[in-house]
Amino acid sequence: MEPKPWRDRLRDEEELLAQLNRLASEAADRRAQALLDGVDELGTIADVARDLGVSWNAVDKAIKKYQRKKAAGPGGTTTE
């Protein structure tokens, strides 16, 4: 059996990377929405961060990135 040509292998890997990037982006959106639900429940970003044992800056950054992406509309991206 002859191995796949390198161009075909490269194309397959690029498609896989694109799919993984989409999945990671969708997961980040769901995570940020969960963080926002936590803020609704606990009251502040700092309270959510304390509850999770992470820095408030990490929580704030995830939420803000999600909100910028959402404001950009469907298929919107950020510069980050």
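Within the range 1-35, if we keep just the residues that are of a type in the set (A, V, I, L, M) and touching a residue at least 24 places away in the same chain (Cβ under 8 Å), the residue that is nearest to L52 (Cα to Cα) turns out to be L35.
Inspect all residues belonging to the range 26-48 and state whether any of them is open to solvent by 90 Å² or more (accessible area, probe 1.4 Å), modelled with pLDDT under 95, in a helix (DSSP H, G or I) and of a type outside the set (D, E). Looking for residues that are open to solvent by 90 Å² or more (accessible area, probe 1.4 Å), modelled with pLDDT under 95, in a helix (DSSP H, G or I) and of a type outside the set (D, E), one finds none in the range 26-48, hence no. Among the residues of the range 13-20, is any modelled with pLDDT of 95 or more and touching an Asp or Glu at 6+ places or on another chain (Cβ under 6 Å)? Scanning the range 13-20, I find no residue that is modelled with pLDDT of 95 or more and touching an Asp or Glu at 6+ places or on another chain (Cβ under 6 Å), so the answer is no. Contact map, the range 42-56: residues that are over 15 Å from A32 (Cβ atoms) paired with residues that are of a type in the set (A, V, I, L, M, F, W, C) and part of a helix (DSSP H, G or I), Cβ distance under 7 Å, separation 6+ or inter-chain. Pairs shown: L42/V48; A46/W56; D51/L42; S55/A49.
The values are calculated or read from the model by the stated rules, or taken from the named source; none is laboratory data. Just so you know, these numbers come straight off a predicted model, no measurement behind them. Here the Cβ is made from the backbone with ideal geometry for all residues, glycine too, and neighbour counts use every protein chain on show. The protein model used for the area step is the full one, side chains on, heavy atoms only, and it has no ligands, DNA or RNA in it. Shrake-Rupley method; radii C 1.70, N 1.55, O 1.52, S 1.80 Å.
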